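Remarks on the structure that follows.
Just so it is clear, none of the values below were taken in a lab; they were calculated from the coordinates. Computed from a predicted model, the values in this text were never measured in an experiment. Positions of Cβ are backbone-derived with ideal geometry, glycine not excepted, and every protein chain shown enters the neighbour counts.
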Amino acid sequence: MATSVAPHDMYVINEKVFVAHASTGQMSEARVLKVGPPAGKSAKTYLVRYENAADRRDEWVNTDRMLKFSDEVRKVLQLGRSRRKQPSTRTEPRYQLEIPISVRWKLMEDQQNLQDRLVVQLPRVPTVRTMLENFQASRPSSGEQMVPQLAALFDEALGSLLLYRHERLQYERCRTRHPDLPPSQIYGLEHLLRLFAVLPELIEAANPTLEHGSSLMATCNELIKYLNENLGRFSSTLCYEPNLQGHAVDTT
């Protein structure tokens, strides 16, 4: 069964939760002390106290930074932390993406499902191309020139950067069955989000002019916001199926 750790929109006093720190995005255990909004704010917020932290660190947070506490969520968190601890020699890229908590969780769900020997069913609906076209239609000024470049970049990057070893046979079979379709018309949200995880480094490696690189990153940030607003339409835990192709799962 595919893992789902989507944010929740209702919490109660004394409930144990996970909260993302505003500066780092790192998730910590906390407990709900009060239900807002506090004075001067209109959106529903919650006053939380972090586990093993002084009360001076109590803060009001909205639901975008909160997750229901469960063993399933803890399992996904531990997986993400273990991967972050792996040594890396990469330098900080010049370009940065602003990835919302909900989108980060979709990436972590994807990682957990791969660990659980699942793969994405293909062809995926909606496809990357469909989502990009919808984005372009909703924000003409943002995506008119950059969306075709993003589709081409996805098509180029998929086979070499966005697939795990046990997904490659599935990839080759799809190419055989759909020889006239590019990857952006076969794959969907899960693999598009993987592109975002490596996109700043790809753009920096391409060494564009500062103006072009900044413009592309601005479009990507707008695209991520759009995907975050439409996660309910584009994502589904039902899109995963068991990996029955005889390959051991290797997510390193």
Chain lengthening between LEU97 and THR130 when straightened (0.36 nm per residue, less Cα-Cα):
9.7 nm
Return, for the Cα atoms of the stretch 147-210, the radius of gyration and Dmax in Å, separated by a comma.
12.5, 40
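Starting from 0.36 nm per residue, how many nanometres of slack lie between ALA197 and ASP64 once their C-alpha separation is accounted for? Intermediate results must be reported in sequence, preceding the final value.
Details: separation 133, 0.36 × 133 = 47.88 nm, distance 1.99 nm.
Full extension from ALA197 to ASP64 adds 45.9 nm.
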In the stretch 146-175, which residues have a backbone nitrogen under 15 Å from the label point lying 7 Å from ALA218's Cα in the Cα-to-Cβ direction?
146-147
